Structure formats: C-alpha cells, structure tokens
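Engineer: The structure that follows is given in the form of structure tokens.
Rule-based calculations on the coordinates, nothing more; no lab input. Everything numeric here is computed off the predicted structure, so don't read it as measured data. Here Cβ is always computed from backbone atoms with ideal geometry, including for glycine, and neighbour counts include all displayed protein chains.
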Amino acid sequence: MPTPLHQRLRATHQRLDDAALKAERNPVSIALMLATKTQTSGTIRAAVLAHRDLVAAGEVTPRALHIGENRVQELSAKAPDLQDLHVTAHLIGPLQSNKINHTLRALALHKDGSIDTVDTTELATRLDARWDGKSPLPVMIQVNTSGETTKSGTAPANAFALAQHIDQLPNLALRGFMTIARRSTDPDTARNCFTTLARVREKVHTAGNGEGLILSMGMSNDLESAVACGADIVRIGTSVFGERQTLA
Ligand SMILES: *Cc1c(COP(=O)(O)O)cnc(C)c1O
C-alpha cells in the first residue's frame, strides 16, 4: 500500500529526475541522502524500505540512497536500530572534539560511514589519529559558501589547503565537499553558493589532490539549483518526511 511517505519519496525522485534532465545529466548519477534529524528510527527504516520497494517496482530511478544525521547523539542512538539495513550514513552536523570517539563508534555500525563536516586541519588530524577501521575513514570538507557567520565550514579560500592536508593523512579518505546554501527566495543566491563549491572541487582536481571528488549540496528548497550546478548527492529532509515537528 502506498503511504504518504511513498508518495513524498516518489515526488522527490521526480523532482531530481526533472532537474537532472533539464541539466542534461544522467538522473541515476545523482544520489539521495535522507536528512533524518528529529525522525525516529522507525520512520527512517520505513523510508529506506519504501525507497527500496519503489526501486524494485521500477517506479523510481534506482539512485543510491544514503542517510545523514546532524547530531552525534541522534546518530549514536539510532545506529544500532538501523545497522541491519546496510545503508551508508553521514554525519552532516558539526563535530566537537570531545564527541569524536562516540561518532566513530556509531559510524562503524553503518556501511561506509562518513563525516561530511570536517572544516579545520585540527579536526582532520584528530580524526586521523583516532580512526582504527580496516579502511580509511571517508570524510568530506564542509565549505561555508554563504559567508554567514552562523554557518560552519571552512572559507572557500581555505578549502584547498585543507584538502591538501587531508591528502597527507593515512587514515582519512577525502570523498568530496559539502555546503549549505544561503536560504533565499531568489534562486541565484543558492546558485552562487553551489557554484563556489563546484569551483573548490575544480581547483583540487586540477592540482591532483584527489580524484572523483563529489559535491554534497542541495536541500528540499534548492535541490533544482544544486543539480544544475553539479550536485552528486542532495540532502533532503522536509520533502521526504514532511515538516519537522521539532527543531533540531
Ligand atoms: C536539515 C538538513 C538538510 C535537509 O533540509 P530540508 O530543508 O528539510 O530538506 C540538509 N542538510 C543539512 C546539513 C541539514 O541540517
């Protein structure tokens, strides 16, 4: 039986497909990360299974599905309930040094768990020292492309040096860059942020400090602009789960 969750998921996939076709990109190459803050393990499980059902039925594009948590506490609490789903999980909120061990333990329960909010050389160095997994820990650099002081992330001008630093660390594997655009009713505002992130990647690729690096950008209100600017993975909460009941 299609539930409201199935319907919202289907509509979200459709938006991604439409945006991809408009940008002349392959729809299946754009992955979907569910932004799961404030959602219960039960709701997250239902969303992952609904996605798999829809893919199996041929009703949506078979794009990769990931999950992203903002708060270490929520990540830790939900990981044991969700580990049997073998879904790739990301930390997409700020990470304080005193929470590193907690975070790494929770991420280890998921498939290819990654930390997408590395924004200082100190944090990268600490993660490198603490990680003892079999393969290097996947990380992304968060870039503050909007210049808002309330947002985390390294300045675009510092991102290149941070990528070089991570490149030297044996226990970290740089996967790409993530950003949160400035919220605005004018699509050009978000576009400027996304273009800035794409330029950061370009510079790192050109210098040979990593290859196949991905861009994590775009949320429910600006995913079309993000896809137009080259997003490889979009992070979606509201458009899949409905309005959040509580603030994260
Ligand atoms: C909440 C959140 C999202 C998703 O936001 P929606 O507008 O609900 O789609 C994406 N990225 C981050 C970092 C978030 O905190």
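Engineer: So what is the calculated 222 nm ellipticity per residue for the chain, using -39500 (n - 2.57) for each DSSP H run with n of 4 or more, over all residues, to the nearest 500 deg cm²/dmol?
Structural biologist: Helices in the chain give a 222 nm mean residue ellipticity of -13500 deg cm²/dmol.
Engineer: Report, in debye and to the nearest 20, how large the dipole of the chain comes out about its Cα centre when Lys and Arg carry +1 and Asp and Glu carry -1 on their Cβ.
Structural biologist: Working: 27 positive and 25 negative charges, 63 e Å.
The dipole magnitude comes to about 300 debye.
Engineer: Same structure, new question: Suppose we look only past 26 Å in the calculated P(r) of the chain. What percent of the Cα-Cα pairs does that tail hold?
Structural biologist: The share of Cα pairs beyond 26 Å in the chain comes to 36 percent.
Engineer: Please compute the length gained on full extension between N101 and L85, using 0.36 nm multiplied by the number of residues separating them and subtracting their Cα-Cα distance.
Structural biologist: Taking 0.36 nm per residue and subtracting the Cα distance, the gain is 3.5 nm.
Engineer: Cα-Cα over 21 Å: which of K22/K111; K37/K111; K37/K151; K22/K151?
Structural biologist: Values: K22/K111 32 Å; K37/K111 19 Å; K37/K151 17 Å; K22/K151 30 Å.
From K22/K111; K37/K111; K37/K151; K22/K151, over 21 Å: K22/K111; K22/K151.
Engineer: Sticking with this one: Scan around S146 for amide H atoms under 5 Å from its own, H built in the peptide plane at 1.01 Å from N, and keep only partners 5 or more places away or cross-chain.
Structural biologist: none
Engineer: Using alpha carbon centroids, what distance separates segment 79-132 and segment 1-64, in Å?
Structural biologist: So the separation of the two Cα centres works out to 24 Å.
Engineer: Tell me whether segment 71-122 comes out rounded, prolate or oblate; compute the Cα gyration tensor, take square roots of the eigenvalues as a ≥ b ≥ c, and use a/c under 1.5 as the rounded threshold.
Structural biologist: Prolate shape, in that a/c is at least 1.5 and a/b is the bigger ratio.
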